[in-house]
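Undergrad: Before anything else, here's the structure in question.
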Amino acid sequence: MKDYSEKIRENAGFLRDLFGPAPKIALILGTGLGGTKTDFPVLAEARFKEIPNFPALDLSGHERVVRVLHCPEPVCFVHGRYHLYEGLSAQEVVIPVRTLSEWGVEYFFLTNAAAALREEYHPGELMLIRDHIGFFMPNPLPWPGLSSTGQDFTDMSDAYDPDLRALALEQAENLGMRLSEGVYLAVPGPSYETPEEIEFLRKMNADAVGMSTVPEVIALRNLGRKVLALSCFTNYGAGMKAGSIDHSAVIDTAERSSPGMLKLLLALAGKVALSPS
Ligand code: HPA
């Protein structure tokens with residue numbers, strides 16, 4: 001049986017054969033953000049289900065796909081991701097980012113939909129993730145088969161790259177976009193939180209809560225890759241406003257803010273593409 005590392009290498013080989021050398025940058029487009037259309041020519045694409053060792057599931061009905069677009073530098077767009085709430089392990093959830101890293105992608109811009117935990121934020125706005133709280137999620141380390149190397153004790157002090165964050169704030173200002181910085185707290189989902197849980201998360205200093213991103217960031221930092229992440233506020237945490245949380249409204253709000261999010265990420269990608277690695 002192939003071990004985990006062999007599977008990752010096989011996936012990366014598949015992408016290399018199909019797309020050629022890895023782009024420097026990948027954008028991981030989360031819930032409601034994956035459908036974002038661009039005018040850039042698509043150089044090549046692979047559906048998750050065509051990649052040899054990607055978990056075979058498509059519960060959402062949304063096709064998950066990896067594309068390389070000519071922006072004019074090649075940029076890898078990953079439309080959709082895996083989540084723990086699909087019944088996958090944390091190690092399985094990070095297979096796409098591990099594969100892209102093995103292929104040679106150096107910079108990862110991750111996006112997600114999240115609930116706002118502060119009154120001053122508004123649905124549709126973006127938050128630059130400064131740090132995260134991940135205790136509620138299983139850790140994707142150690143890699144199966146690699147646990148004896150001792151390389152799993154990963155420093156997470158500056159997980160969200162300070163230079164990339166500064167650049168993102170600068171680009172947002174140039175574009176006239178409001179961009180706050182804050183702490184993202186991850187929960188496994190898929191149920192939304194109770195009002196009492198939200199009260200507790202607010203006391204923990206979290207600014208946003210969502211169901212993804214943290215396992216990928218831990219895996220990428222273990223691999224020494226640079227990470228930037230943005231949350232799109234789709235709703236307030238349960239109990240902060242009257243009414244219930246509706247999944248289709250969450251998706252609609254994310255979809256509406258995706259053109260702005262993409263504009264910002266592409267402005268940032270343009271700057272990073274020009275910088276030496
Ligand atoms: N809770 C957790 N994750 C989310 C939410 C929420 O209210 N909205 C979007 N992702």
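The values are calculated or read from the model by the stated rules, or taken from the named source; none is laboratory data. Bear in mind the structure is a predicted one, so any value in this text is a computation, not a measurement. Neighbour counts run over all protein chains shown; Cβ positions are idealised from the backbone, glycine included. When the accessible area is computed, the model is the full protein with side chains, heavy atoms only, and any ligands, DNA or RNA have been set aside. Shrake-Rupley method; radii C 1.70, N 1.55, O 1.52, S 1.80 Å.
Undergrad: For the list (1) at positive phi; (2) among the polar types (S, T, N, Q); (3) open to solvent by less than 10 Å² (accessible area, probe 1.4 Å), I need the number of the one condition that Ser231 fails.
TA: For Ser231, the exception is condition (1).
Undergrad: I'm trying to understand the selection: among the residues of the stretch 13-43, which are open to solvent by less than 40 Å² (accessible area, probe 1.4 Å) and in contact with a His (Cβ under 6 Å, 6 or more places away or on another chain)?
TA: Leu29, Gly34
Undergrad: What is the number of the single condition among (1) on the phi < 0 side of the Ramachandran plot; (2) surrounded by fewer than 19 Cβ atoms within 10 Å (Cβ to Cβ) that Gly87 does not meet?
TA: With (1) on the phi < 0 side of the Ramachandran plot; (2) surrounded by fewer than 19 Cβ atoms within 10 Å (Cβ to Cβ) applied to Gly87, the lone miss is (1).
Undergrad: Still on this structure, I have one more. Which condition number in (1) in a helix (DSSP H, G or I); (2) in contact with a strand residue (DSSP E or B) (Cβ under 7 Å, 6 or more places away or on another chain); (3) within 24 Å of Leu262 (Cβ to Cβ) is the one that Leu201 fails?
TA: (3)
Undergrad: Scan the stretch 44-65 residue by residue and report those that are surrounded by 12 or more Cβ atoms within 10 Å (Cβ to Cβ) and at pLDDT below 85.
TA: Leu57, Asp58, Ser60, His62, Glu63
Undergrad: With respect to Ser157, determine if the residue is open to solvent by 10 Å² or more (accessible area, probe 1.4 Å) and either modelled with pLDDT under 95 or within 30 Å of Pro23 (Cβ to Cβ) (or both). Step through it out loud before you land on a result.
TA: Values: open to solvent by 10 Å² or more (accessible area, probe 1.4 Å): yes; either modelled with pLDDT under 95 or within 30 Å of Pro23 (Cβ to Cβ) (or both): yes.
So Ser157 fits the description; yes.
Undergrad: Mind listing whichever residues of the stretch 218-235 are more than 9 Å from the ligand (Cβ to nearest atom) and within 16 Å of Ala113 (Cβ to Cβ)?
TA: At the first step, the residues of the stretch 218-235 found to be more than 9 Å from the ligand (Cβ to nearest atom) are 218-230.
Across the stretch 218-235, the qualifying residues are Ala229, Leu230.
Undergrad: Six or more apart or on different chains, Cβ under 8 Å: which pairs go from a residue in the stretch 165-192 that's closer than 15 Å to Phe109 by Cβ and of a type in the set (Val, Ile, Thr) to one that's away from the ligand (no atom under 15 Å from the Cβ) and modelled with pLDDT of 95 or more? Could you list them?
TA: Every condition considered, no pair remains.
Undergrad: Return the residue satisfying two criteria in turn: it lies in the stretch 98-112 and is open to solvent by 10 Å² or more (accessible area, probe 1.4 Å) and in a loop (DSSP other than H, G, I, E, B), and of such residues it is nearest to Asp17 (Cα to Cα).
TA: Taking the candidates together, the pick is Gly104.
Undergrad: Among the residues of the stretch 236-259, write down those that are of a type outside the set (Gly, Ala, Ser) and either part of a helix (DSSP H, G or I) or touching a helix residue (DSSP H, G or I) at 6+ places or on another chain (Cβ under 6 Å) (or both).
TA: Step one: filter the stretch 236-259 for residues of a type outside the set (Gly, Ala, Ser), giving 236, 240-241, 245-247, 250-253, 255-256, 259.
Passing the criteria: His247, Val250, Ile251, Asp252, Thr253, Glu255, Arg256, Pro259.
Undergrad: I've got another one for you. Kindly indicate whether any position in the stretch 5-12 is open to solvent by 10 Å² or more (accessible area, probe 1.4 Å), aliphatic (A, V, I, L, M) and either at pLDDT 90 or above or assigned to a loop (DSSP other than H, G, I, E, B) (or both). Explain how you work it out, then say what you get.
TA: Taking the stretch 5-12 and keeping what is open to solvent by 10 Å² or more (accessible area, probe 1.4 Å), we get 5-7, 9-10.
Now restrict to residues that are aliphatic (A, V, I, L, M): none.
No.
Undergrad: Still on this structure, I have one more. Among Glu193, Glu173, Glu197, which is the only one that is open to solvent by 30 Å² or more (accessible area, probe 1.4 Å), within 11 Å of the ligand (Cβ to nearest atom), more than 20 Å from the chain's Cα centre (by Cα) and not small (Gly, Ala, Ser)?
TA: Working: Glu193 fails: open to solvent by 30 Å² or more (accessible area, probe 1.4 Å); Glu173 fails: within 11 Å of the ligand (Cβ to nearest atom).
Going through Glu193, Glu173, Glu197 in turn, the sole match is Glu197.
Undergrad: Shifting gears a bit: In the stretch 200-215, how many are within 15 Å of the ligand (Cβ to nearest atom), open to solvent by 30 Å² or more (accessible area, probe 1.4 Å) and within 14 Å of Asp131 (Cα to Cα)? I'd like the intermediate steps shown before the answer.
TA: Pass one, the stretch 200-215, residues within 15 Å of the ligand (Cβ to nearest atom): 200-202, 204, 206-215.
Filter once more, keeping what is open to solvent by 30 Å² or more (accessible area, probe 1.4 Å): 200, 202, 204, 211.
In the following step, the residues that additionally are within 14 Å of Asp131 (Cα to Cα) were identified as 204.
Of the residues in that region, 1 qualify.
Undergrad: Right, something else. Which one of Glu181, Glu255 is surrounded by fewer than 19 Cβ atoms within 10 Å (Cβ to Cβ) and more than 14 Å from the ligand (Cβ to nearest atom)?
TA: Working: Glu255 fails: more than 14 Å from the ligand (Cβ to nearest atom).
Testing whether each residue is surrounded by fewer than 19 Cβ atoms within 10 Å (Cβ to Cβ) and more than 14 Å from the ligand (Cβ to nearest atom) leaves just Glu181.
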